[in-house]
1. Just checking, does the range 40-51 include any residue being over 30 Å from residue 389 (Cα atoms) and assigned to a helix (DSSP H, G or I)?
2. Please state which one of 216, 231 is at pLDDT 80 or above and among the small types (Gly, Ala, Ser).
3. Within the range 237-258, track down each residue that is outside any helix (DSSP H, G or I) and within 21 Å of residue 280 (Cβ to Cβ).
4. Between 337, 314, 345, 304, which is touching a Lys or Arg at 6+ places or on another chain (Cβ under 7 Å), at pLDDT 95 or above and within 22 Å of residue 256 (Cα to Cα)?
5. Hey, does the range 356-367 have a residue that's under 30 Å from the mean Cα position of the chain (by Cα) and among the hydroxyl-bearing types (Ser, Thr, Tyr)?
6. Name the helices (runs of 4 or more DSSP H) wholly inside the range 281-394 in which the number of residues that are among the β-branched types (Val, Ile, Thr), touching a residue at least 60 places away in the same chain (Cβ under 8 Å) and surrounded by 14 or more Cβ atoms within 10 Å (Cβ to Cβ) is 2 or more.
7. Would you be able to tell me the number of residues in the range 63-96 that are part of a helix (DSSP H, G or I) and either of a type in the set (A, V, I, L, M) or under 20 Å from residue 43 (Cβ atoms) (or both)?
8. Scan 282, 255 and give me the residue that is modelled with pLDDT of 90 or more, under 15 Å from the mean Cα position of the chain (by Cα) and farther than 14 Å from residue 164 by Cβ.
Amino acid sequence: MIERAQLQVITNRIQEPRKFIQVLMGPRQVGKTTMASQMLRKVNIPYIFESADAVTAVNTGWIEQVWEAARLKMKVLLAKEFILVIDEIQKIQNWSETIKRLWDRDTINETGLKLVLLGSSRLLLQKGLTESLAGRFETMYLGHWSFGEMEEAFNWNAYQYAWFGGYPGGAGLIEEEDRWKNYINNSLIETSVSKDILMLTRVDKPALLKRLFELGCHYSGQILSFTKIQGQLQDAGNTTTLSHYLNLLDTAGLLSGIEKYAANIIRKRSSSPRFQVHNNALLSAQKNEYFNEIIHKPAEWGRIIESSVGAHLINNSISQNYLVYYWRERNNEVDFILERRGKIIAVEVKSNDSENTKGLEVFKNKFNPDKLYLITNRGLSWQEFLKINPIDLF
């Protein structure tokens, strides 16, 4: 079984004498539970692993029950240290307040109970952590699987990764593409939208949120103004509602609305979004074409490649702590602008060997970026780019 790069980090953290609540967050089906299980096998510390997935949200006493069970087992075993792992913690109402009370009591009593929390709703996890658990936690974001990981685990090539994306659970189904599409649409997309957004967050127009997601997947890699978005959606509401729903989809690891790069922060936030899926499977599973058909359509395949590059950049942006933008001025455009600690990187994707690099030139003259990258079939290829850790671009 493949071990993701973050496994050693969280294993080292849980074995340190100092105590922090370890929080592992990320989209569904990227291996959070598997990584926690691998970590438990690596450390020589007794543990209990519980999941809140099947617990009713109003059962606020459930956390106390599993916590007391961990304390009792620790006492019976005469253990100096004990690990309690709770999966899908965000599904319990007021979870952070309960965790804070129990954690602080154990800290005062010098109880060696160590806590690992897993969750697939980044929005609710971050809200609870910052409101109740400030100074008590460390977070780790586990994103979608990279091309390198899918290649190592399933011997995929870059073309397969660009179309089928980075969900390991569906890797064995790609030879039966209708079955694979059903798995992605029903087991991943529907579950993520229903359980990680609609059941946990107030959404007044759930049908609109779902339609916005479908539209965003269809136009992944393309820029649409909110006015055009409203024109394609029934009962679209105002731009504030659409922006809020797009943010919910982003925090669930599904769909982002990349903002336009500008020196002025207000202008960034008022820009038309460039849709970008976090995993190309979310895009291809909703298309009518099959893999062996789409690769023979240069224009369509070029958009798939560009979206896979964007997904690679977005997917790593949280854990690597950089921001992703696009840039456009009149007819000049740069696909991706990366910003980290004052450094600016421009990335342009040319899947059709186009010689037009005017957008990069204009951007360079206007903003003087630290580095420019042109992805072409004759230079740095998109296949090679998907294997690069984006932090190395800086």
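The values are calculated or read from the model by the stated rules, or taken from the named source; none is laboratory data. Just so we're clear, the structure is a prediction, and the values are computed from it rather than from any experiment. Ideal geometry is used to build each Cβ from the backbone, glycine not excepted, and the neighbour counts take in all protein chains shown.
1. For the range 40-51, residues over 30 Å from residue 389 (Cα atoms) and assigned to a helix (DSSP H, G or I): absent.
2. Numbers: 231 fails: at pLDDT 80 or above.
On inspection, the qualifying residue turns out to be 216.
3. 252, 253, 254, 255, 256, 257, 258
4. Numbers: 337 fails: touching a Lys or Arg at 6+ places or on another chain (Cβ under 7 Å); 314 fails: touching a Lys or Arg at 6+ places or on another chain (Cβ under 7 Å); 304 fails: touching a Lys or Arg at 6+ places or on another chain (Cβ under 7 Å).
Residue meeting the stated conditions: 345.
5. no
6. Once the helices (runs of 4 or more DSSP H) in the range 281-394 are filtered for at least 2 residues that are among the β-branched types (Val, Ile, Thr), touching a residue at least 60 places away in the same chain (Cβ under 8 Å) and surrounded by 14 or more Cβ atoms within 10 Å (Cβ to Cβ), what remains is 298-320.
7. Residues meeting the conditions: 12.
8. Details: 282 fails: farther than 14 Å from residue 164 by Cβ.
Answer to the selection: 255.
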